[in-house]
Amino acid sequence: MIEIRVDENSCNGCGLCVKDCPMHVYELRESLSVPVHPENCMGCLSCHEICPAQALEHKGVYPSKRHYIDIRVCEMLNRVI
Amino acid sequence: MSDGTIEKLKGAFTSDLVYRSEDVPLTCIPHPEELEDTLHGLMKLNGLIIRSLEEVAGRGANAVTYRAGRKYGHEVAKYFEKMENIEEALKELSDILRGQFSFEIWKPADKTSYIIQENGSTFIYLVFHDCIVRQTLRRNGQVQGGPLCQTLYGYVVGAIEEITGKKAKLEIVHTGPNACLKKLILQ
């Protein structure tokens, strides 16, 4: 099962993850996102991408192949960063 | 451009290799690792074709790509064993899609069976993990769920129809950066 951790210090309670998740994994409780049904998480990582505070962490997700990453662009970016 | 430059350019396209008509290639040339540029070119081209199709045909683009995907699904699956059992058919489909798409049969925790019956329809949830369509769209900064996703929709439907001989429908429930949830509706 996928484990989801929400950084309580970062979460601003915007509720985007609650709205976006098709499996209703999250609920807003006292202005904080709480993963109430992590067992329903299929690892799409939409919440991860949509979270403006980057407060979410998923453990145990199958990482899909990413052939689209342009290695040369990444190498250039790494040089700049 | 001088003759020397042209000859130099031409030199890049000559070799001592002898190709015989009876030769059956057993390896992919060049090695797949060297195909990164080709892959990126293809993804870019596919993305642009889809974008242009959408501009010209509007919502009709979905019908075109769905039909293309369905034909592809029928074409690929016709060499596979025919069966009525949907679970076996999905295993077969997973073999057909290997390398381009990978999926798992999935169910919400509160469901007891993978074959779900709700509101008079029978369906199976499929979570697509590796997907060449998603990669193409993200490579080009295009939104998911559009006409290119319809090719996969058609592909799966075509293959399932070919294997089981029954009509099927695929509904895109959710698209994400790492996986997409689809509903295979059995008819």
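Some observations on this one:
- Compactness of the stretch A:31-74 is given as radius of gyration and Dmax, 13.5, 42 Å, from Cα positions.
- Working value for chain B: equivalent-ellipsoid semi-axes of 39, 21, 15 Å, each the square root of 5 times a Cα gyration tensor eigenvalue, largest first.
- DSSP loop GluC sites (Glu not before Pro) with at most 15 other Cβ within 10 Å: longest gap in chain A: A:31-81
- Remark on chain A: A:C11, A:C14, A:C21, A:C41, A:C44, A:C51, A:C74 stand apart, with no other cysteine beta carbon under 4.7 Å.
- Global size of the protein assembly as shown as Cα Rg and Dmax, reported in angstrom: 22.6, 76
- Descending by average beta-carbon neighbour count within 10 Å, the peptides B:160-167, B:103-110 line up as B:160-167, B:103-110, the highest first.
- Neighbours of B:Y79 by Cβ distance under 13 Å: Lys/Arg scored +1, Asp/Glu scored -1, total -3.
- Residues whose placed amide H lies under 5 Å from that of A:E27, excluding near-sequence neighbours: A:V34, A:V36
- Radius, Kirkwood style, for chain A when every pair of distinct Cα atoms is counted (Å): 14.0 Å
- If you bin all the Cα-Cα distances of the stretch B:34-140 at 10 Å, starting from zero, the percentages per bin are 12, 31, 35, 20, 3, 0.
- Whole-Å distance, taken between Cα centres, linking the stretch B:156-172 and the stretch B:134-148: 23 Å
- Electrostatic tally near A:E3: other residues with Cβ closer than 10 Å to its Cβ, Lys and Arg +1, Asp and Glu -1, net +1.
- Count of Lys pairs (Cα-Cα under 19 Å; at least 8 positions apart or interchain) in the stretch B:25-186: 29
- Taking chain B as a Gaussian network of alpha-carbon nodes connected by springs under 10 Å, the highest mean-square fluctuation of the residues B:R98, B:R70, B:R138 belongs to B:R98.
Every number here is computed from the coordinates shown, using simple stated rules; none is lab data. None of the values given here were measured: they were computed from a predicted structure. Virtual Cβ from ideal backbone geometry, glycine too; neighbours counted across all protein chains shown.
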